[in-house]
Amino acid sequence: MYKSIIRSILFQFDPEKVHYFTFSAIKLISKIPGFPVLIRFIFQVNSPKLERELFGLKFKNPVGLAAGFDKNAVLYNELADFGFGFIEIGTVTPKGQAGNPKKRLFRLKDDQGIINRMGFNNDGVSAVIENLKKNQGKIIIGGNIGKNTATTPEQYTEDYCDVFKELYPYVDYFVLNVSCPNVGSHAKLQDKDYLLELIAAVQKLNNQESVQKPILLKIAPDLNAQQLDEIVALVAETTIDGVIASNTSVDRKGLRASEVQLEQIGNGGLSGRPIRKKSTATIKYLAEKSNKSFPIIGVGGIHSAADALEKIAAGADLVQIYTGFVYEGPSLIKKINKALLKK
């Protein structure tokens, strides 16, 4: 029903407008008495065999929602009913910002992909906290954090630390987003020396708390072997809790979309089916090179249960979906969890 009717209608309209329309629709439906129970009955798969324990947290299943969907933590309680094992909100910056000029979100229908250059649009950490105060405790929440666009390079670390300190009481784990191609100076954010500085600063704050929370690093799928070796060494040196592989890609090779269409779209990060193999290869390389010494959350191009199982076979402990959720609908979560039970 979703793919044949709902998606075909939604895909006739601007992707960003559809995104916010969908939020309003889910909010409205979830307020109708009995509907949350019905949604849970239809979509959730609950079994002790699906539970995963990772970096001190117990996930009811290994299928999460990637950052970027619920940026401002306005829908996580409702989304939890669809069967996710965890939800990552953000990217959250210290101050609210509009992001890049519109139009900035594009579907590649023939490729089952999306290109975005949103630019960390969000309402800022204070607004996000107010939304997180409404947490009903249904699900594990991750906080994906970043810097403001206007922040000077000398203050990047301060931005991350400010969000970390304020968000700390309200999320279960943190993700340092240093790999988004849609923000200025993202090359500096992926420099090993800078990453050592950033991770050390955030870990210092974490260690000052009575209970430490897991901190993960989100990396790009476009890193070469040498850069991935540096990530493995970085994790060993800093003892950061894990890696999310991967973010969106700037590579446009092998797409069905025409050169004219891609030129009209312009720059941005590519997600969805076109980056599946690249993301899986990144996971496999990290797992093998590190002798599986740290947890990996696999994300990128998961549009089916088989795609999720492929990520796990490559070395992912958990998986996240986003573009696949848009193209395949909420039944994708159930399909993945049922496949995991059979496996």
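Here is a check on your reading of the model: is residue 72 within 17 Å of the chain's Cα centre (by Cα) and either in contact (Cβ under 8 Å) with a residue 60 or more places away in the chain or not in a loop (DSSP other than H, G, I, E, B) (or both)? Against the criterion (within 17 Å of the chain's Cα centre (by Cα) and either in contact (Cβ under 8 Å) with a residue 60 or more places away in the chain or not in a loop (DSSP other than H, G, I, E, B) (or both)), residue 72 does not qualify. For segment 303-341, a tally of residues being surrounded by fewer than 24 Cβ atoms within 10 Å (Cβ to Cβ), of a type in the set (Lys, Arg) and free of Cβ contacts under 8 Å to residues at least 60 places away in the same chain returns 1.
Could you tell me how many of the residues in segment 252-261 are hydrophobic (A, V, I, L, M, F, W, C) and surrounded by fewer than 16 Cβ atoms within 10 Å (Cβ to Cβ)?
1
The lone criterion from (1) crowded, with 19+ Cβ neighbours inside 10 Å; (2) within 18 Å of the chain's Cα centre (by Cα); (3) not charged (D, E, K, R) left unmet by residue 198 is number (2).
Taken together, 260, 232, 299 contain a single residue that is at pLDDT 95 or above and under 17 Å from residue 190 (Cα atoms), which is 232.
Only one of the listed residues (324, 315) is over 25 Å from residue 9 (Cα atoms) and of a type outside the set (Lys, Arg). That residue is 315.
Taking the criterion of being over 30 Å from residue 168 (Cα atoms) and either out of contact with any Leu (no Cβ under 9 Å at 6 or more places or on another chain) or not in a loop (DSSP other than H, G, I, E, B) (or both), the residues of segment 230-269 that qualify are 253, 254, 258, 259, 260, 261, 262, 263, 264, 265, 266, 267. A search for C-beta distances below 9 Å between a residue of segment 49-62 that is farther than 18 Å from residue 212 by Cα and any residue that is of a type in the set (Val, Ile, Thr) and assigned to a loop (DSSP other than H, G, I, E, B), counting only pairs 6+ apart in sequence or on different chains, returns 60/139; 61/45.
From the list 88, 78, the lone residue that is among the acidic types (Asp, Glu), closer than 15 Å to residue 132 by Cβ, surrounded by 23 or more Cβ atoms within 10 Å (Cβ to Cβ) and at pLDDT 95 or above is 88. Just wondering, is there one or more residues in segment 108-124 that are out of contact with any strand residue (DSSP E or B) (no Cβ under 7 Å at 6 or more places or on another chain), over 21 Å from residue 269 (Cα atoms) and free of Cβ contacts under 8 Å to residues at least 60 places away in the same chain? No, there is no match, as no residue in segment 108-124 is out of contact with any strand residue (DSSP E or B) (no Cβ under 7 Å at 6 or more places or on another chain), over 21 Å from residue 269 (Cα atoms) and free of Cβ contacts under 8 Å to residues at least 60 places away in the same chain. Only a single criterion out of (1) closer than 23 Å to residue 238 by Cα; (2) of a type in the set (A, V, I, L, M, F, W, C); (3) modelled with pLDDT of 95 or more is not satisfied by residue 180, namely (3).
Is it the case that segment 227-241 has a residue that's within 16 Å of residue 146 (Cα to Cα) and among the aliphatic types (A, V, I, L, M)? Checked against the condition, which is being within 16 Å of residue 146 (Cα to Cα) and among the aliphatic types (A, V, I, L, M), segment 227-241 yields no hits at all. Per the conditions (1) touching a helix residue (DSSP H, G or I) at 6+ places or on another chain (Cβ under 7 Å); (2) within 15 Å of residue 91 (Cβ to Cβ); (3) of a type in the set (A, V, I, L, M), the sole criterion not satisfied by residue 175 is (1). Looking only at residues in segment 203-229 that are in contact (Cβ under 8 Å) with a residue 12 or more places away in the chain and of a type in the set (Val, Ile, Thr), the one that is surrounded by the fewest Cβ atoms within 10 Å (Cβ to Cβ) is 215.
Examine segment 290-302 for a residue that is surrounded by fewer than 24 Cβ atoms within 10 Å (Cβ to Cβ) and under 18 Å from the mean Cα position of the chain (by Cα), and state whether such a residue exists.
Yes, because at least one residue in segment 290-302 is surrounded by fewer than 24 Cβ atoms within 10 Å (Cβ to Cβ) and under 18 Å from the mean Cα position of the chain (by Cα).
The values are calculated or read from the model by the stated rules, or taken from the named source; none is laboratory data. What you see is a predicted model; the values in this text were computed from it and never measured. Because the Cβ atoms are built from the backbone with ideal geometry, glycine has one as well, and the counts that use them run over all protein chains shown.
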